[in-house]
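Report on one structure; see the data block that follows.
The values are calculated or read from the model by the stated rules, or taken from the named source; none is laboratory data. Remember, predicted model here, so these are calculated numbers, not experimental data. All Cβ positions, glycine included, derive from the backbone under ideal geometry; neighbour counts span all protein chains shown. Calculation scope for accessible area: heavy atoms of the full protein, side chains included, ligands and nucleic acids excluded. Shrake-Rupley method; radii C 1.70, N 1.55, O 1.52, S 1.80 Å.
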Amino acid sequence: MKKTLITGAAGFLGSHLCDRFIAEGHHVIAMDNLITGDLKNIEHLFQLERFEFHHHDVSTFVHYGGDLDYILHFASPASPIDYLKIPIETLKVGSLGTLNLLGLAKEKNARILVASTSEVYGDPLVHPQNEDYYGNVSPIGPRGVYDEAKRFMESITMAYHRYHGLDTRIVRIFNTYGSRMRLNDGRVVPAFMGQALRGEDLTVFGDGSQTRSFTYIDDQVEGIYRLLMSDYVEPINIGNSDETTILEFAEEIIKLTGTSQKIIFKPLPTDDPLQRQPDISRAKEILDWKPIVHRSEGLKKVYEYFKSLSPEELHQKEHRDFSHLNGK
Ligand code: UDP
């Protein structure tokens with residue numbers, strides 16, 4: 001039986017990956033420090049013998065006693081609101097966390113896949129973004145803590161591959177949505193859906209002309225799985241090329257939810273990328289992968305999920321008090 005360590009396992013992507021690797025017959029070792037993750041995302045797996053959970057911060061030394069075949073490093077705050085609140089934790093998990101897991105992969109002779117992001121392209125000057133584009137990132141802006149940590153992650157991963165011959169994979173994840181996103185994490189899908197469900201106006205940042213391309217979780221997990229099982233070591237974009245402006249997206253959510261609320265405009269956050277669309281030719285060619293879930297279909301499913309949450313969850317504005325964190 002293959003043994004797979006997943007970090008950030010109690011988060012949105014991590015928990016769906018746990019489900020997928022359990023379904024593939026693996027023994028899954030799930031690790032999370034539960035700063036932004038939530039055990040409720042994986043509690044259904046606790047009864048399985050092939051599942052174990054370790055409450056651990058991977059920015060500190062990571063120990064695992066047994067053998068490992070695969071490591072998937074998905075631990076990181078991943079929404080702009082979260083990494084603005086816990087910038088130092090974000091920097092640490094992308095840099096020190098990655099270093100620790102590369103070391104563990106080397107020790108165990110395991111294959112490691114690291115979760116990078118479209119944020120490595122920053123506010124892109126090339127459109128759509130292909131993997132050869134180096135990006136346009138401000139190292140000192142508010143998003144720099146995430147973007148630069150992920151760029152370092154890619155750099156050190158390639159160094160371990162080249163210097164130690166480590167078996168590595170790098171996925172660049174574009175905006176992904178699905179069940180188990182935190183309603184209060186500030187990202188646009190839960191933000192708009194939460195507002196519609198609470199009967200609040202939808203907050204569009206800037207004039208809403210900035211674009212994003214949204215990928216449904218099942219497509220994202222399939223792309224990541226195929227990349228892990230491939231022999232390709234350079235970064236690969238996994239995303240959907242169906243691009244929309246945020247204003248059109250807000251109108252789409254109003255239609256879907258039937259809310260009678262209106263759109264209101266708020267200031268555009270610093271360094272908010274103006275346009276984002278993945279070039280997915282590489283994933284198509286190398287992984288024989290492409291997204292298959294249309295946005296209207298995926299959004300319906302995730303809206304059903306948000307509707308099923310309790311009134312307390314729906315109205316909880318703050319996730320947790322992060323004030324004791326940040327580098328301590
Ligand atoms: N956004 C918005 N209203 C919100 C939340 C987000 O207009 O209440 C915009 C945000 O400015 C960005 C886009 O939606 O242009 C996607 O934001 P998100 O935080 O989901 O992810 P990003 O792609 O910026 O990392």
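Tabulated data
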| quantity | calculated |
| --- | --- |
| Helical mean residue ellipticity (222 nm; -39500 (n - 2.57) per DSSP H run of 4+; nearest 500) of the chain | -10500 deg cm²/dmol |
| Descending Cα extents along the principal axes, segment 191-286, whole Å | 49, 26, 17 |
| Accessible carbon and sulfur surface of segment 77-116 relative to its total accessible area, %, 1.4 Å | 59 |
| Segment Thr245-Lys301, extension gain: residue separation times 0.36 nm, minus the distance between their alpha carbons | 18.1 nm |
| Dimensionless Rg/Rh of segment 133-246 - Kirkwood Rh, Rg from C-alpha atoms | 1.03 |
| Interatomic Cα distance distribution for the chain, bins of 20 angstrom, percent | 33, 61, 6 |
| Sites Ser155 and His294, calculated FRET efficiency, Cβ-Cβ separation with R0 45 Å, nearest 0.05 | 0.80 |
| Test item: Cα-centred dipole of the chain, Lys/Arg +1 and Asp/Glu -1 on Cβ, debye | 260 |
| Lys106/Gln47 FRET efficiency (R0 25 Å; Cβ-Cβ; nearest 0.05) | 0.15 |
| Spatial separation of Cα centroids for segment 59-126 and segment 261-291, in angstrom | 21 |
| Highest-MSF residue in the chain out of Phe53, Phe174, Phe74 [GNM, Cα springs under 10 Å] | Phe53 |
